[in-house]
Amino acid sequence: MLFEVISIAFSQIFTSLGMALLLFGIVIGLTMGIIPGLGAMATIALILPFTYGWEKLDAFLLFSAIFGSTTVGGSVTAILLNTPGTPENIATTLDGYPMARKGKAAEAIATAAFSSMCGGLISLAVFIATIPLLRSISLMFGPPEIFWLGFFALVIISAVTKGSFLGSLIIGCFALILSFHGLNPITGTPRFVHGFIYLYDGFQLIPVLLGTFAVSEMIKLSLERESIAYEVVKVEGSIKKGIKNVLKNRYLFLRSLVIGYIIGAIPGIGGTVANYLAYAQAVQTSKNPETFGKGDPRGIVAPETANNAKDVGQLVPTLSLGIPGSGTMAVLLGAFILHGIQPGPFIIRDNLDVVAMIAVTLVFAFSLSCLFVMFLGQYLARLTTIDVYRIVPIVLVICFIAVYYIRYEILDIFVTLLFGMIGYILVRINVSRILLVLPIIIGPIIERNFILSLSICRGDYTYFFGPISIFLILIMVATIIYPFIKRKYKLKKMSWGD
Amino acid sequence: MSITRREFIKYSIITSAALFGLGCIGGSEKEKKENITPTPTETPSEWIPEKEIQLIIPYKAGGGTDIYARIVAPYWEKYLPGDQPIVIINKLGGGGVVGTTAIYQAKPDGYTIGLIIPLAMIINQLTKPEVQYDVLKMPVLGSPSAYTRVVCTNPKTVPDIENWDDLLERIYDLTFATYGFGGTAHLAPLLTGYESGLYDPRKLHFVHYSGTSGVIAAFERKEADVYFGAVEAHTAYRNEVFNFILVFKNERHEMCPDVPTTVEVGIPNAEKINNALTDIKAFVAPPETPAFITNTLASSLNKAMNDPLCIKEAKEKKRPITPRNAKESVKLVNEMFKTWSKQDEIIELLKTG
């Protein structure tokens, strides 16, 4: 049955309409991914209404082509402009941008593209092989497990963030406070909205993200220098080097793939955490962690592999339980409803043809989009040599239009500007801007699942400590103490050497 | 190659002007209200739209409300005088409040209308002082659908609960799942308790999940025992995920004719409870929209919702149409408002969280 529907999906793609939809989806996905702020969620939400009345397989071919190509597009912006094209590319900025500034933008882009492609394709193979088990995998993670995982992500941020410790602590707490604005995630009662309906939905991720990264970066660039790269970009051999970077770090690649897939498969934790966790494990397991943040290609391999693996992982709860693993998946569930498919635990059983179409299209989308990016990277890298006074107005206009387009809300532009200024201040005082964004994403996840767990357990707190929870707690403790043990071991070794 | 600071400032000014222009499209509210024409005394009997009509949906594209709008809109265009399209705009935020406010504050000229969920908007109006609309002042044009509440039990955790009496016996020991605090699945057991006096709703144990999918997963993980779901949305999961034991309807529901109703089992005030919990979606216009415009919109909508092709398409999309004309819908919304505005304890609970 599975092979039959897969062959139907292939034959559907290899028609003139199928190929046109696939290429159109990839081009749109890449473009929207490159434009800061407009990820797969915004793009599919935009396209969705136009597909009303289409054949469902055609519609899902287009959605999957877009979905499979936006994240790799986002890595280009993260590397060239220090601005994550999508929220999932936050960690890529950490080493991607320093590489671009050293004139290695094309190599960085090729590394990101090849990691993404391999990560996506292997995860897809795992996904197809485990289709009968998907439901049980999704059901393993309830509110307490998601609570601990969110908590774990917060710990990881503190463990790998560089810069002033006190400043980081203050900004992290400030961002957590910001995450509590809006309607209470459980009771729906307004909190800290100060009478503004605008604040009912809290601080929106995209204005915060674009303000903190894009606007502040543009302010910084305009005040500091004439172009992004310090030296002329070297084009030759860069693609080869990018591929080598991945093959050389195959164990890091595999670890990141597993992290991405599992995080994606956990309903409700969101994909943004995946790339940061993958980056964190790259730093923590490295023999020379001091090179990270200064243009280490491993800092691109880890998050970008996790990204596409996470994209596939997100399909697990979405298709097996009807629980959206992220905002993009929530829109995809909307697409199911729009095309007469009831989201819920029986999507795979009742609509295997659609599931096969999604999987097969993703194979093409991952491969073609990453190949496009790898080859275009050489030309896109030249952007880093252009005078910043040409780039700044263009980037700012694109950011503001992107922010406005998502909700047609003019106040979002002011929030973007506000966070741009805060972001610039953080750069000046040497505090990581990631600390301003990740707690806003993770805070509500932790809060919601903590309260949910409390109400489910009815006073029996052992509910918080199931086998998976204990496993997560142990990893968390290990993450905290590992750097200390490693440092102590190094010191001991050095003293022996002396 | 580098451009001057003067040029940079020029680009920035152009950008700002463009953005300012975007924000100003449509003019101010005051300006809009002053341009209302014509007055009812000089009105023709029928309104013929001269430009596109914007249909605001306060929820996301692909959601239940959005799909009803997309199903009905082409047929509505067909029956409207003139040849103007109906363009759907999804204006999200604040659980529907932002979009509903946009409809409420739009120019009352017939060119902006919306599809809202009256029960949710009434509850928001009664519990949130910041809300700037009044559902009762918005002319209702008709309703394409009504969700009927059904008591669902979990066959994995409480297989022995087979009817309403079984449930009442153990009601305080059970965990009630909802798809969100203040949603109909939460309001239904509260209202039933207060109006019938059969149990104390303050003693119920609720767990508020995120969306219906969260409830389904909770049932599968055996975290919850009872859910006041919707017949139309959950029949697909019947027996495998949910057991249906009671329907909130005056007569048996065609989708589950074997399930007894609240009236049959003798719940006190059953009809009042059923009406207050009828979760309709309603097409509405801004307040003060002239009657000749609302009449034209309402009559063409009614024809569209009764068009056999529209009904067939809705059925295929698994969103069955149960049309209510403007008069029936207004009556239901008014009754709903009357019932809920008297529920001081529930309103207080929702206000304080």
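Summary of computed values
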item: For B:Tyr209, net neighbour charge (Lys/Arg +1, Asp/Glu -1) across residues whose Cβ lies under 11 Å away; result: +1
item: Surface/4 estimate of mean projected area, convex hull on alpha-carbon atoms of chain B, nm²; result: 23.5
item: Average beta-carbon neighbours from other chains, 10 Å sphere, peptide A:187-199; result: 5
item: Solvent-accessible area per residue, Å², over chain A with all protein chains present [probe radius 1.4 Å]; result: 38
item: Over chain A, relative contact order from alpha-carbon pairs under 8 Å, at least 6 apart, %; result: 28
item: Shielding by other protein chains, A:140-151, mean Cβ within 10 Å; result: 1
item: Cα-based convex hull volume of the protein assembly as shown per residue, rounded to whole Å³; result: 176
item: Positive-end residue of A:Phe3, A:Gly377, A:Val283, charge dipole of the range A:2-458 with Cβ unit charges; result: A:Val283
item: Local electrostatic count, A:Pro444, Cβ distance below 15 Å [Lys/Arg +1, Asp/Glu -1]; result: 0
item: Relative intensity, log₁₀ I(q)/I(0), of the range B:214-353 from a Debye sum that treats every alpha carbon as a point, q = 0.16 Å⁻¹; result: -1.15
item: Förster-model FRET efficiency, 41 Å R0, B:Gln132 and A:Asn430, C-beta, rounded to 0.05; result: 0.40
item: Listed residues A:Gln342, A:Gly103, A:Ala359: farthest to the positive end of the dipole of chain A (Cβ charges); result: A:Gly103
item: Residue-count net charge about A:Asp412 - beta-carbon cut-off 15 Å; Lys, Arg +1, Asp, Glu -1; result: 0
item: For the pair B and A, total buried accessible area rounded to nearest 100 Å², probe 1.4 Å; result: 4700
item: Protein accessible area in chain A, 1.4 Å probe - carbon and sulfur %; result: 72
item: Convex hull (Cα only) mean projected area of the range A:2-458, reported in nm² to one decimal; result: 21.0
item: Cross-link table A:Lys244/A:Lys294; A:Lys240/A:Lys488; B:Lys222/B:Lys342; B:Lys249/B:Lys342; B:Lys318/B:Lys351; A:Lys56/B:Lys281, entries beyond 29 Å C-alpha to C-alpha; result: A:Lys240/A:Lys488; B:Lys222/B:Lys342; B:Lys318/B:Lys351
item: Percent carbon-and-sulfur accessible area, the range B:149-276, ignoring ligands, DNA and RNA, probe 1.4 Å; result: 43
item: Dipole of the protein assembly as shown, positive end: most advanced residue of A:Ile386, B:Gln343, B:His208 [Cβ charges, Cα centre]; result: A:Ile386
item: Cα-centre dipole for chain B with unit charges at Cβ (Lys and Arg positive, Asp and Glu negative), debye to 20; result: 1080
item: Shielded residues, the range B:101-139 - accessible-area loss of 20 Å² or more between chain alone and all protein chains, probe 1.4 Å; result: B:Lys128, B:Glu130
item: Hydrodynamic radius by Kirkwood, which averages 1/r over all alpha carbon pairs of the range B:149-276, in angstrom; result: 14.3
item: Averaged over B:220-227, number of beta-carbon atoms from partner chains that fall within 10 Å; result: 3
item: DSSP-loop trypsin sites (Lys or Arg not before Pro) across the range B:286-344, with at most 14 other Cβ within 10 angstrom; result: B:Lys342
item: Total charge dipole magnitude, the range B:149-276, about the Cα centre, Cβ charges on Lys, Arg, Asp, Glu only, Debye to nearest 20; result: 400
item: Charge dipole magnitude, Cβ of K and R +1, D and E -1 - the protein assembly as shown, Cα centre, debye nearest 20; result: 3280
item: Estimated FRET transfer efficiency when R0 is 60 angstrom, pair A:Glu290-B:Asn250 (beta carbons, to 0.05); result: 0.25
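The values are calculated or read from the model by the stated rules, or taken from the named source; none is laboratory data. All figures in this text were calculated on a predicted structure; none of them were measured in a lab. No Cβ is skipped: glycine too gets one built from the backbone with ideal geometry, and neighbour counts run over all protein chains shown. Just so you know, the surface numbers come from the protein's heavy atoms only, side chains and all, with ligands and any DNA or RNA stripped out. Shrake-Rupley method; radii C 1.70, N 1.55, O 1.52, S 1.80 Å.
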